[in-house]
Amino acid sequence: TDLRPLDILSEVVPTGRLARGMRVLQVQGVLGFQLTASPARTLGFPASRLFVHCDRFPEEFSIIVTLRVLGVPTKRNEYVFTLMAEESPSVLVGLRYAPDKLHFLFWSQERAGGWQTRVTFSNVSLSDDQWHTLVLAVSGHSFSLTVDCSIPKDVVVETPFPASLSVKRASFYLGNRRRRKGVFTGLLRQLVLLPGADATPQICNAMNFNVATLSVPAVLQDLPVKPASNEVLKYPYETDTKVTLGSRPPCTKQEKAQFWFNASRRGLYLCNGSTWISMLEVKQRLDYVEEYQNLVTNSETMGVEVFTIPKVGLFVAAANRYTSPGSAIYKWTDGKFVPYQNIPTYQAQSWKYFTIGKKIFLAVANFEQNDRGQEFSVIYKWSRRKEKFIPYQRITTHSARDWEAFVIEGEAFLAVVNHREGNNHNIDSVIYRWNPRTGLFETNQTIPTSGAYDWEFFTIGPYSFLAVANTFNGTSTKIYSHIYIWLSGSFQLFQSILTFGAADWEVFHIGDRVFLAVANSHSYDSGMPAPSNFYAINSSIYELNITAQMFVKFQDLLTYSALDWEFFSVGDDSFLVVANSFDGFTFSVNSIIYRWQGYEGFVAAHHLPTVGCRDWEAFHTAEGSYLLYSSAKEPLSKVLKLKTT
């Protein structure tokens, strides 16, 4: 056998005509085969069609599978494929899925008395309604499974894969073992045998690991084109589709894969489970920015958080400086933000909205102690009965600046940035893990930080990262900020980047490129001569270099005590807006919107007058797109509307 990919799936539909018991289904924009429990032999073919020049199964090989698994009942097994001799009920080679496990089966006549050997990979969770690509590499005693290009799971067994496994008078069966029991109920998109090689390097060279492709049947490569009136579709396919009309509906897991048609924008949008993705619309371009609303706040505002509660509405939480009357939550009503709820806070720095299952939370980072000398930040829970946020859990913090909420491998986490304890800036920040049994967050890991301001969580393929913005170590703002990667159940250092009073990290994607922008606030070192201006310094944008496996500097932009970056898009255009807060002389400084210009990088497009600008938030309503900025120097925040052409 030569070392070309052997496409098992394509052999079942060699002429493009679907066998009995097969249909093409589109899910999440990807086509796959769904199998039924029809006579199993209709989904089989002789192995000689693949092994033309040799009747032996390769000794070393990889099996590549792209599938979407439905929820498999406990103790039930489903076969992805089998290779079986015609005269025997035994499986020569097979792949079987059970809840949280994957079994690779093979028959060895020379070893183990002719019994079937089962290699089990545990903790393989595929039943999440997502597409996944598996690469199983086999060589002798060693078996390695890679899921979505994550860290391989390696198993070494006593019985090696046979060096000479005959496939004479044997047949491949798709999704079954020649019986109705154990038929695969999910979707299959790719099933390839690659002799003599570990296919992982070939598969894991793209950004979209979940549907990485080595060989896919022609039937599944493209969506059918719209036929002429007297024609039928070349390939039959089905999809569960619902289109909603009217104002912007909620987009949650319940609405996933549903469409919304916005008549005013002439746009069609697809819900991905959290946000509406534009599928077809008249592309807009940003023309100019106009002042839309002066939002009078309880006091100076250190941060804002815009969020949507499904079936309730759009809100913004303002982190206000003064204890009395605390911080305010506003609700979008008749095209404006209006006061909705006041919450007691103690020099609040920021809010974080997040959900766990059906529970809705809002966490505040308090910078100062309360009247009793206690220092803690608070997690509030949304009461559906009262339609208010009520206190849920207090957590001891030390001059907290920021919360970050995220999910890794189905578990919920909440990380707090502790800025300082007394005059000591070099203290631990804490990552908490949600305990579903107690319904509380519990300490999971501490990470040393230096006067930290911000956490930023992001994922790249199957990997999870957490970046911290370190601001001041007690003597200098010229210190390293760190990026951590989740490995083996904890965050470990991935990369350190020199920053200057870093106040914010912002991760964003443009096409397949991944960027990370840092807002540098000021340059100060007690042991060095004072610069001409502490605050007029470069903030930097870094880009992920996949080959080097690190972020490398892409562009420097001159900023003035930058405290925040916010990425947003209008039509096909991408933008970054910076919160310039102080130029060394005045807090009345222009904040700038930069437009992505490809090879030129980000270029200044709009200069926005701001006063002590602390935070930017971009949001959208049925009426249009907006920017909201908070002022840390006056009790007035502003909503700006993006005017498009």
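The values are calculated or read from the model by the stated rules, or taken from the named source; none is laboratory data. Remember, predicted model here, so these are calculated numbers, not experimental data. Quick reminder, even Gly has a Cβ in these numbers, built from the backbone with ideal geometry, and neighbours come from all protein chains shown. Heads up: the accessible areas ignore ligands, DNA and RNA and are worked out on the full protein's heavy atoms, side chains in. Shrake-Rupley method; radii C 1.70, N 1.55, O 1.52, S 1.80 Å.
Determine if region 460-477 includes at least one residue that is free of Cβ contacts under 8 Å to residues at least 24 places away in the same chain and among the hydroxyl-bearing types (Ser, Thr, Tyr). I'd like the intermediate steps shown before the answer.
Going residue by residue through region 460-477, those that are free of Cβ contacts under 8 Å to residues at least 24 places away in the same chain are none.
Within region 460-477 (the criterion being free of Cβ contacts under 8 Å to residues at least 24 places away in the same chain and among the hydroxyl-bearing types (Ser, Thr, Tyr)), the answer is no, since none of the residues qualifies.
Scan region 520-567 for residues that are among the small types (Gly, Ala, Ser) and closer than 14 Å to residue 501 by Cα and jot them down. First the steps, then the outcome.
First, pick out the residues of region 520-567 that are among the small types (Gly, Ala, Ser): 521, 523, 526-527, 530, 532, 536, 539-540, 548, 561-562.
Within region 520-567, 521, 523, 526, 536, 539, 540, 561, 562 qualify.
Just name the residue that is farthest from residue 411 (Cα to Cα) out of those in region 425-445 that are without any contact (Cβ under 8 Å) to a residue 12 or more places away in the chain and open to solvent by 70 Å² or more (accessible area, probe 1.4 Å). Step through it out loud before you land on a result.
If we filter region 425-445 for residues that are without any contact (Cβ under 8 Å) to a residue 12 or more places away in the chain, which is where we start, we get 435-439, 442.
Pick out the ones that are also open to solvent by 70 Å² or more (accessible area, probe 1.4 Å) and you get 436-438, 442.
Values: 436: 9, 437: 13, 438: 14, 442: 12 Å.
Among those residues, the one meeting the criterion is 438.
Give me a count of the residues in region 102-116 that are at pLDDT below 90, of a type outside the set (A, V, I, L, M, F, W, C) and either part of a strand (DSSP E or B) or crowded, with 17+ Cβ neighbours inside 10 Å (or both). Can you show your working first?
The first filter runs over region 102-116 and keeps only residues at pLDDT below 90, leaving 107-116.
Now drop any that are not of a type outside the set (A, V, I, L, M, F, W, C), which leaves 108-111, 113-114, 116.
This time we only want the ones that are either part of a strand (DSSP E or B) or crowded, with 17+ Cβ neighbours inside 10 Å (or both), so: 108, 116.
Going through region 102-116 one residue at a time, the tally reaches 2.
Counting only residues that are among the acidic types (Asp, Glu), give me the strands (runs of 3 or more DSSP E) lying completely in region 533-616 with at least 1 of them. So that I can check it myself, show each step before the final result.
Working: elements: 536-545, 550-560, 562-570, 573-580, 588-596, 602-611.
The strands (runs of 3 or more DSSP E) meeting that bar are 536-545, 550-560, 562-570, 573-580.
Being crowded, with 21+ Cβ neighbours inside 10 Å, of a type in the set (A, V, I, L, M, F, W, C) and in the same structural domain as residue 459 (by the TED database): is that true of residue 378 here?
Working: crowded, with 21+ Cβ neighbours inside 10 Å: yes; of a type in the set (A, V, I, L, M, F, W, C): yes; in the same structural domain as residue 459 (by the TED database): yes.
Yes: the conditions hold for residue 378.
For region 592-614, indicate whether the set of residues that are crowded, with 16+ Cβ neighbours inside 10 Å, under 23 Å from residue 477 (Cβ atoms), assigned by the TED database to the domain that holds residue 350 and in contact (Cβ under 8 Å) with a residue 60 or more places away in the chain is non-empty.
Scanning region 592-614 turns up at least one residue that is crowded, with 16+ Cβ neighbours inside 10 Å, under 23 Å from residue 477 (Cβ atoms), assigned by the TED database to the domain that holds residue 350 and in contact (Cβ under 8 Å) with a residue 60 or more places away in the chain.
If the Cβ limit is 7 Å and pairs must be 6+ apart or interchain, which residue in region 483-501 that is outside the structural domain of residue 411 (by the TED database) and more than 11 Å from residue 468 (Cα to Cα) pairs with which residue that is open to solvent by 20 Å² or more (accessible area, probe 1.4 Å) and not acidic (Asp, Glu)?
Listed pairs, sorted by first residue: none to list.
Kindly establish whether residue 214 is hydrophobic (A, V, I, L, M, F, W, C) and at pLDDT 90 or above.
Working: hydrophobic (A, V, I, L, M, F, W, C): yes; at pLDDT 90 or above: no.
So residue 214 does not fit the description; no.
Given the residues 329, 309, 343, which is the only one that is closer than 30 Å to residue 267 by Cα and open to solvent by less than 10 Å² (accessible area, probe 1.4 Å)?
Working: 329 fails: closer than 30 Å to residue 267 by Cα; 343 fails: closer than 30 Å to residue 267 by Cα.
Only one candidate qualifies: 309.
Do we find that residue 644 is surrounded by fewer than 19 Cβ atoms within 10 Å (Cβ to Cβ) and at pLDDT 95 or above in this structure?
Working: surrounded by fewer than 19 Cβ atoms within 10 Å (Cβ to Cβ): yes; at pLDDT 95 or above: no.
Spelling it out, it is not the case that residue 644 is surrounded by fewer than 19 Cβ atoms within 10 Å (Cβ to Cβ) and at pLDDT 95 or above.
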